[in-house]
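Here is the structure we will look at, set down as structure tokens.
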Amino acid sequence: MEKRAIKKSSLSISENGIEEKKSTRRLEVLKTYKIYIGGQFPRTESGRYYVAKNADGKQLANVCLSSRKDFRDAVVAARGAFGGWSGRAAFNRGQILYRMAEMLEGRKAQFIEELTQQDSTKGKAEKEVNLAIDRLIYYAGWCDKFQQVFSAVNPVATSHFNFSVPEPTGVVSIIAPQNDSLLGLVSVIAPVIAGGNTCVLLASESKPLCAVTFAEVINSSDMPGGVVNILTGKVSELAPWFVDHMDVNATIYCENDSSVQKMMQEKSALNVKRIIFYNSVKWDTEKGQSPYFIMDTQEIKTTWHPIENIAGSGAGY
Amino acid sequence: MAVTKKKSVKKNNTIKLKFDTSWLYAPAPESKSAATIKPQYDLFINGEWQKPSGGKYFDTINPANEEKLSEVADANEADVNKAVTAARNAYEKVWKKMPAKERAKYIFRIARMVQERARELAIIESLDGGKPIRESRDFDVPTAANHFFYYAGWADKLEYAFPNRTAASVGVAGQIIPWNFPLLMAAWKIAPALATGNTVVLKPAETTPLTALKLAEIIQESGLPEGVVNIVTGAGATGAAIVNHPDINKIAFTGSTEVGKIIQRSIAGTNKKVTLELGGKAANIIFEDAPLDQAVEGVINGIYFNQGHVCCAGSRLYVQESVSKQVIRKLKDRIESLIVGDPLDKNTDIGAINSKQQLETIRKYVKIGKEEGAEMYESSCSLPGRGFWCRPTLFTNVAQSARIAQEEIFGPVLAILTFRTDDEVIEKANNSPYGLSAGVWTDKGSKIFNMTKRMRAGVIWANTFNKFDPTSPFGGYKESGFGREGGLHGLLPYVKLIN
């Protein structure tokens, strides 16, 4: 019953502007699409907006046109959350990612609705939401396993115990895929946070609705504020700041624009940022998920400690 | 109480060893006759020695006496182009197609030949770079040989290294290495590149080209197919020609963060893969419960190993306040007993500074340290009249914000700071744009793991320092670069993962 009710009401949102004719009973409450910084939903500090439209030019929502200052605030939030998130038990991170999948499953109808508003067909939208849920489950499972696959105990020739483990790079800025507005978003966020990083993400510019609604999913999944921060706005305006910032450790870019790629590589030298391009990844296939995506934002730490020489001290086995 | 009072003398926990008079070591110089250095070296391109097309040569000198050792070719863009073409041909026609187990055998052979000529290589390394023969003999050369040996074995086992992926070679690798561990860095670069099926154009540093050229002789002798490894000598312009060459697929650089950033900018807009092994300012942390004498030895090794010309040198010492006086006194006593002098003498602890330019950099920082208000202490040892020398030096009362605590000096200069709590020292240690290495000294296991986990650096030494092994990955966090060298993780920078 409840689901049906949601569906019904959301359907009338999709016909925004003609509610009067249809609903004489009550006025539809429209959602304000805001950004997500440090676990809160502020509007952009700039007070600016842009109108998200579908392919037919129909207005979908007034969306925050985030500024450089919003991005800086988000980086502060992400840096503040990094110690706690990376220090959490990997098992616990897995639980939270799993919780995100649960929340997404529960709000499936809303996402299908938003995707269809943004020019997807119903069948495609449903498939995309299902894949996004499954992708979260996939990475939830990796949270406490990829370390085992990519670690090593190194047989050094001296009398030392030596091991290498992956650790998160730090704060990652992400320009989300422009087309798969939900699946792409989930596919780039999940491996980054599964590995213990925190991130600031710029949503698809033309299809921002799902990103904001996904922030609500994150916000109700016991995810600490600041681990994921989501902005909406223009790639052309914000991309340089995403890669300029001295407290960002890595930047992910998912489009094939070679001039943006070159700009990013040049600016990355400012603080030896790690630059990761996902320009030919098909997110709706099996190739869109892998523990190697997690490893893209990991560092390898090697630790040494001396071993008392057992043979030398005369003890036998 | 009265009895003890009667007997009491001024308490001093450190027993000073007096080396100044009758305890002087007799000189034990290694003989130069075991090494052959030609008066002139050309470029090693396509398996043969080729004259530089510009006809120019530059001198390489012994920094311990400023005497010329040899002159080496200065490669220009045309020479680099020749080397890249040779490497490309070798890659497409020979190396890429060769069965991996055959590739492995060539690399094993090079490892063996480095071992065979170890003594000669060690002597030349010390002559050309100024490092003590004890270090080049016992560390640089054997570790270089072991590195070839280790990666040789990986060549036909790559399918086990990357689960669920196939590792394909990248193509031609351009490699630029520094002057602090000339042969070892060449091995670190060449061995994994060859094992993964790539071919190489390598440029040694302009002040220390000789062991790389000796390695070229070994490579020639080993019968490695021509063009698989090319070695071109020159300065920054030669390096830039490599970095900017359009037919190079991969750049591997070890050197300063400054140059690393230039390289990162230069390759923007290309598809070149890159690994950067850059500077560092390692925090070495002593807790009050540490075995202090061992810790002091570790700190000495951490900063004065190889004259402090080590990117992972423990150049920032954090001592817990309760033991700081004791540790500083022990350090001062210990640097007094370090033997500074002839790199070829087997007793020498600290050799010559690699170049005049580097000596000036170190002096500049010593001056800055004094001006910033820190207290300087240096060994009272005498220095040879000719050559480039620097006494082992330490600064106390250093502020966290001081330039000598923030910037890489790359010399035998230690900055000492103090702390009270774990959280405080973590905050201070991580307060650096660098993140290459770190050290911690304590007797408590749980504290070790707390510290090693929270320090943001690629290599952490607990109750030891400056240890290296071919099986052990090495590389930085943050502005100390990215990519790993050594171990299983050192393969990744030289492969493309395909399905």
Boolean, B:Lys250 is among the basic types (Lys, Arg) and under 19 Å from the mean Cα position of the chain (by Cα): no
Hits in the range B:306-349 - residues which are assigned to a strand (DSSP E or B) and among the β-branched types (Val, Ile, Thr): B:Val319, B:Val340
Yes/no for B:Thr60 being touching a residue at least 12 places away in the same chain (Cβ under 8 Å), polar (S, T, N, Q) and in a helix (DSSP H, G or I): no
Hits in the range B:442-463 (condition: touching a helix residue (DSSP H, G or I) at 6+ places or on another chain (Cβ under 9 Å), open to solvent by 10 Å² or more (accessible area, probe 1.4 Å) and not charged (D, E, K, R)): B:Asn450, B:Asn463
Qualifying positions in the range B:477-489 - more than 8 Å from every other protein chain (Cβ to nearest Cβ) and either without any contact (Cβ under 8 Å) to a residue 24 or more places away in the chain or within 20 Å of B:Ile263 (Cα to Cα) (or both): B:Gly483, B:Glu485
Positions within the range B:243-256 being out of contact with any Lys or Arg (no Cβ under 8 Å at 6 or more places or on another chain) and open to solvent by 10 Å² or more (accessible area, probe 1.4 Å), in sequence order: B:Asn244, B:His245, B:Pro246, B:Phe253, B:Gly255, B:Ser256
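Let's see how each residue does on (1) closer than 23 Å to B:Tyr494 by Cα; (2) open to solvent by 50 Å² or more (accessible area, probe 1.4 Å); (3) in contact with a helix residue (DSSP H, G or I) (Cβ under 9 Å, 6 or more places away or on another chain):
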| site | (1), (2), (3) |
| --- | --- |
| B:Glu120 | no, no, yes |
| B:Phe148 | yes, no, yes |
| B:Ala152 | yes, no, yes |
| B:Glu159 | yes, yes, no |
| B:Arg165 | yes, yes, yes |
Pick from the range B:355-379, criterion outside any helix (DSSP H, G or I) and open to solvent by 10 Å² or more (accessible area, probe 1.4 Å), ranking: farthest from B:Pro182 (Cα to Cα): B:Gly373
Evaluation of B:Asn271 against (1) in contact with a Lys or Arg (Cβ under 9 Å, 6 or more places away or on another chain); (2) in a loop (DSSP other than H, G, I, E, B); (3) polar (S, T, N, Q) (one fails), failing number: (1)
Failed item, numbered, when B:Leu436 is tested on (1) within 8 Å of another protein chain (Cβ to nearest Cβ); (2) within 20 Å of the chain's Cα centre (by Cα); (3) more than 26 Å from B:Glu375 (Cα to Cα): (1)
Where a residue in the range B:432-456 is without any contact (Cβ under 8 Å) to a residue 24 or more places away in the chain and its partner, wherever it lies, is assigned to a loop (DSSP other than H, G, I, E, B), with Cβ under 9 Å and at least six apart: B:Ile448/B:Thr442; B:Ile448/B:Asn463
Selection status of B:Lys273, assigned by TED's automatic domain parsing to the domain that holds B:Arg420 and surrounded by fewer than 23 Cβ atoms within 10 Å (Cβ to Cβ): no
Filtered residue count, the range A:251-275, keeping only those that are within 9 Å of chain B (Cβ to nearest Cβ) and either more than 18 Å from B:Pro433 (Cα to Cα) or charged (D, E, K, R) (or both): 11
Which listed residue, of B:Lys496, B:Lys467, is open to solvent by 40 Å² or more (accessible area, probe 1.4 Å) and under 24 Å from A:Val149 (Cα atoms): B:Lys496
Selected residue [more than 25 Å from the chain's Cα centre (by Cα), at positive phi and buried (at least 24 other Cβ atoms within 10 Å of the Cβ)] from B:Gly227, B:Gly234, B:Gly223: B:Gly227
Pairs where the first residue, in the range B:263-281, is within 9 Å of another protein chain (Cβ to nearest Cβ) and farther than 14 Å from B:Glu485 by Cβ and the second is assigned to a strand (DSSP E or B) and of a type in the set (Phe, Trp, Tyr), C-beta under 8 Å, 6+ apart: B:Ile263/B:Phe253
Yes/no for B:Gly260 being assigned to a loop (DSSP other than H, G, I, E, B), crowded, with 20+ Cβ neighbours inside 10 Å, within 12 Å of another protein chain (Cβ to nearest Cβ) and in contact (Cβ under 8 Å) with a residue 12 or more places away in the chain: no
Among the candidates B:Phe474, B:Phe449, residue that is within 8 Å of chain A (Cβ to nearest Cβ) and of a type in the set (Phe, Trp, Tyr): B:Phe474
Selection status of A:Val217, open to solvent by less than 20 Å² (accessible area, probe 1.4 Å), within 16 Å of the chain's Cα centre (by Cα), within 14 Å of chain B (Cβ to nearest Cβ) and at pLDDT 95 or above: no
Checking A:Thr303 against (1) in contact (Cβ under 8 Å) with a residue 12 or more places away in the chain; (2) farther than 29 Å from B:Thr452 by Cβ; (3) more than 18 Å from the chain's Cα centre (by Cα), the condition it does not meet: (2)
Candidate set from the range A:160-187 (those that are at the interface with chain B (Cβ under 10 Å from one of its Cβ atoms) and of a type in the set (S, T, N, Q)); member that is surrounded by the most Cβ atoms within 10 Å (Cβ to Cβ): A:Thr169
Among the residues listed as A:Gly106, A:Gly80, the single one being within 19 Å of A:Leu185 (Cα to Cα) and not basic (Lys, Arg): A:Gly106
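The values are calculated or read from the model by the stated rules, or taken from the named source; none is laboratory data. Given the structure is predicted, the values throughout are model-derived calculations rather than measurements. With ideal geometry, Cβ positions are generated from the backbone for all residues, glycine too; neighbour counts draw on all protein chains shown. Accessible surface areas use protein heavy atoms only, side chains included; no ligands, DNA or RNA. Shrake-Rupley method; radii C 1.70, N 1.55, O 1.52, S 1.80 Å.
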